[in-house]
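S.K.: One structure coming up, written as structure tokens, with questions to follow.
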Amino acid sequence: MQQAALEFLKTALNDPRATFRAGQWESIEGLLAQQRMLVVQRTGWGKSMVYFLATRLMRDQGAGPTLLISPLLSLMRNQLEAAERIGIVARTINSTNDDQWGQIQNELNADKVDLLLISPERLANEKFRQGILAQIADTIGLFVVDEAHCISDWGHDFRPDYRRITRVLQALPPNVPVLATTATANDRVVNDVMTQMGENIQLIRGGLVRESLKLQNINMPSPAARMAWLAQIIPTLLGSGIVYTLTRRDAERVAEWLQINNITANSYHSEIAPPPELIPLFSRELNISIDEFEELKKERKNAIYKEYLEQQLLNNEIKVLVATVALGMGFDKPDMGFVIHFQRPASVVHYYQQVGRAGRAVDEAYGILLCGEEDDHIADFFIRNAFPPQQLITEILNALDESDNGLSVPEMQRVLNLRQNQINKTLKFLTVESPSPITKIGTKWQVTAAASSFQIDQEYIDAITEIRRREQHQMCEYMEHTDCLMAFLQAALDDPSSTACGQCRSCNPDLLLDETYDDDLANRAGLFLRRSYQPLPPRKQWPASNMFIQSPLGGYRIPQDQQAEEGRALSLWRDAGWGQLVAHGKYQTNRFSDELVTACLEMLQAWDPDPAPHWVTCIPSLKHPELVPDFAARLADALGLPFIPCIEKVRTNSQQKDMENSYQQVKNLDGAFNIADQCLDEECLLIDDMIDSGWTFTVASALLRQAGCSAVYPMALALNSPRMD
């Protein structure tokens, strides 16, 4: 049996000299003996080979299909190619291919599928549970949980949907072998996962050292300095690699900066969408028309583009992907030459998992950690938003309890001042509680008997939050560590074999990359950041029909003659570039500086709206009545245009930043503004200091257009949009 497995391994890897790594055959052998296995091995060790080879051998013995649960389906593509080489027929069921579910179900019923790959979220889907899972539950030959640290409440990447996996594990017959794999688990997480897997769990754990990886930490607070360093150092590095950022916004911006500096780069994040110029290519590959491609689900189109970007990196067709954590677990490029972090990750396990993508099959690779002034703020944002607070849970349960037949998510937004993602996140959290206080019938959510007594376990939440804080502190310690960096990572992950690596910044300074950067390049990066103007696309429909009572607006679609033109925001709120100066003017000096007037003049010159605006007005505020009008008047004077404050604030309403969803934001503006008689019929520039949702601009523009203004160009000093991943 071992010899047959070895031949399959050689075929799968397309390498006649391939041999088993320490622990691989032992893991396969345990599964063949119907054991439950937890395999904790470094990234690139070959955990996927264990379940692929076990699947092939067990199927040859007449066993049923393997059910593989993995959090990032798209990043399993290159592993599945290896499985196909040994004759494994693999299928995946996800939200982007529901039109294929029927065909896959027929193949499963005919026993023509060797491995079914799903995300943990599928276990929450009633159609999948009843239509597919129930049909194959009694025939599963092997149950695999990839990235099993997500099962653990104490893991760095706990996901509520993984709680459902624990229930499936408990329901499996004892003779069904189970494999759980991870590369990022310390002793606390390993023990928790083993407890949740059941009894008699066999643990196979290897060392975590990456012998080819040269680690280096560089403290460089300024984003402009880091961008200059990247543009200077990346062309000197061998091969291609990844630059990790903490936010989608930074992934896009850093990629654009590298492109400007003649480095082939693309951004990659959870919401990445295909650019228009590539749509003809994708439609040809799918053998569909461009119109048919455009009609595909957003998730499907985004997945196609992600695959295209991954393949570009795998084939070394681009130098770098600038990515968030969306490019992480499951991505395998053995010859990756470098992984650079633009900002400090929240934990050592996050960092090890990501930096471990480099140097798997090359003699030399770099893992560079940069540290910035924004790191703590971003890490705090993720920690604070990890769990829904009790107040939010109570609001949702009360609203559902008071409804006659339950509420859909859009209906909840009408009665609750909550963002859609807050509602969805809370609903997901509640559905995996046992017993759950809510249930979904059709499109509506309803309370169950458990709702009346449900209370969040605050002690549990506080304990996990404290772990996250300690992880953040440990990452700061790593940044300042003066001894072996690889040994620090190993020790943090409870690897008993940690020793000095001999080639990190501390062990061998001669191997260091140059930490200096060109001042002129940094100045150019600073100008780039200051010219990162944000487009403000016009809204074309209201959140609901006929939601205005006091304003002369209505309908569902906004008529063309009431829509704004595309606008611009000078900066991102509190961001490098102009964002910090905007915040200083708003909250420190109560006056926006003349520098911002000059910056807006430059932006208008680059923007060049056509036809050009002939007058300037602004959004009024009762709380800060002089702040925006003063700035708008100075900008108008610099433009040589009249400033006419024709928009009147006639009703005191709540601040828009306190309104959490579109329905509440628009209702909050009903009757708030009136247009005075001095409104001109020519094109105008509409000024505000900050833009959150864009609804204030939308309502004011519609009223200005109704009053006769021929075109409205919204312009804000800052866009308040964190765009976290």
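S.K.: At 0.36 nm per residue, and after removing the present C-alpha to C-alpha distance, how many nm does the segment from Thr598 to Leu238 gain when stretched out fully?
M.R.: Gain in length upon complete extension: 125.4 nm.
S.K.: Can I ask one more? Please work out how much length the chain gains when fully extended from Gln455 to Glu26, using 0.36 nm per residue of separation minus the C-alpha to C-alpha distance, in nm with one decimal.
M.R.: The Gln455-Glu26 span can extend by a further 150.0 nm.
S.K.: Mean 1/r over all different Cα pairs, inverted: what Kirkwood radius does the chain give, in Å?
M.R.: Computed over the chain, the radius equals 28.3 Å.
S.K.: Quick check for me: using +1 on Lys/Arg Cβ and -1 on Asp/Glu Cβ, what's the dipole size of region 194-330 about its Cα centre, in debye to the nearest 20?
M.R.: 580 debye
S.K.: Order these by the 10 Å Cβ neighbour count, fewest first: Asp404, Asp380.
M.R.: If I rank by nearby Cβ atoms, fewest first, I get Asp404, Asp380.
S.K.: Further question: Given region 531-719, what percent of its DSSP beta bridges are antiparallel, to the nearest 5?
M.R.: Among the beta bridges of region 531-719, antiparallel pairing accounts for roughly 30 percent.
S.K.: May I pose another question? If I model a spin label at Lys440 and Asp520 as a point 7 Å from the Cα along the Cα→Cβ vector, what separation in nanometres do I get?
M.R.: Taking the two extended label points, one gets 5.7 nm.
S.K.: With a ≥ b ≥ c taken as the square roots of the eigenvalues of the C-alpha gyration tensor of region 28-181, please select rounded if a/c is under 1.5 and otherwise prolate if a/b is larger than b/c or oblate if it is not?
M.R.: rounded
S.K.: Please arrange Leu536, Leu641 by how many other C-beta atoms lie within 10 Å of their C-beta, fewest to most.
M.R.: Result, fewest neighbours first: Leu641, Leu536.
S.K.: Tilt of helix 695-706 relative to the longest C-alpha principal axis of the chain, in degrees (0 to 90, nearest 10)?
M.R.: Rounded to the nearest ten degrees, it is 40.
S.K.: If you don't mind, there's one more thing I want to ask. Helix 420-431: angle to the longest alpha-carbon principal axis of the chain, degrees 0 to 90, nearest 10?
M.R.: Orientation of helix 420-431: about 30 degrees from the principal axis.
S.K.: Then there is this: Enumerate by residue number the GluC sites (Glu not before Pro) in region 639-725 meeting two conditions: DSSP loop (anything except H, G, I, E, B), and at most 11 other Cβ atoms within 10 Å of the site's Cβ.
M.R.: Passing sites in region 639-725 do not exist.
S.K.: Mind listing the long-range amide H neighbours of Ile340? Cut-off is under 5 Å, sequence gap 5 or more, other chains count too, H placed in the peptide plane at 1.01 Å from N.
M.R.: Ile242, Val243, Tyr244, Ile368
S.K.: Using 1/(1 + (r/R0)^6) with R0 = 25 angstrom and r between the beta carbons of Arg414 and Asn653, what's the FRET efficiency to the nearest 0.05?
M.R.: FRET efficiency, Arg414 to Asn653: 0.90.
S.K.: In deg cm²/dmol, rounded to 500, what helix-only [θ] at 222 nm does the chain give when every DSSP H run of at least 4 residues adds -39500 (n - 2.57) and the total is split over its residues?
M.R.: The helix contribution divided over the chain gives -11500 deg cm²/dmol.
S.K.: So what are the ³J(HN,Hα) numbers for region 366-380, from phi and the Karplus equation (6.51, -1.76, 1.60; θ = phi - 60°), rounded to whole Hz, Gly and Pro as x?
M.R.: Each residue of region 366-380 in turn: 10, x, 10, 10, 9, 10, x, 5, 8, 4, 4, 4, 5, 4, 4 Hz.
S.K.: Can you run the Rg to Rh ratio on region 531-719? Use alpha carbon positions and the Kirkwood inverse-distance Rh.
M.R.: Rg/Rh: 0.93.
S.K.: In addition: Can you give me the long-range amide H partners of Ser571? Hydrogens built in the peptide plane at 1.01 Å from N, cutoff under 5 Å, separation of 5 or more residues or another chain.
M.R.: Amide H neighbours of Ser571: Gln534, Ala718, Leu719.
S.K.: With unit charges on the beta carbons (Lys and Arg positive, Asp and Glu negative) and the dipole taken about the Cα centre of the chain, which residue among Ala255, Pro611, Cys600 sits farthest to the positive side?
M.R.: Ala255
S.K.: In square nanometres, what is the average projected area of the Cα convex hull of region 283-375?
M.R.: 7.8 nm²
S.K.: Counting only pairs 8 or more places apart or on different chains, how many lysine pairs in region 531-719 have C-alpha atoms closer than 23 Å?
M.R.: Within region 531-719, the lysine pair count is 11.
S.K.: Another question about this same structure. Taking H placed 1.01 Å from N in the peptide plane, check which residues at least 5 places from Thr66 or on another chain put their amide H under 5 Å from its amide H.
M.R.: Counting only residues 5 or more places away or on other chains, the set is Leu115, Leu116, Gly141, Leu142.
S.K.: Going highest first, how would you order 524-531, 138-145 by mean Cβ packing within 10 Å?
M.R.: 138-145, 524-531
S.K.: I've got another one for you. Considering region 82-122, what Rg and Dmax in Å follow from its alpha-carbon atoms?
M.R.: Expressed in Å, the Cα Rg and Dmax of region 82-122 come to 10.6, 29.
S.K.: A further question follows. Which value, in debye to the nearest 20, gives the size of the charge dipole of the chain about its Cα centre, when Lys and Arg are +1 and Asp and Glu are -1 at the Cβ?
M.R.: 1240 debye
FYI, it's all coordinate maths here, none of it is from the lab. Since the model is a prediction, treat every value here as computed from it, not as a measurement. Cβ: placed from backbone, ideal geometry, glycine included. Neighbour counts: every protein chain shown.
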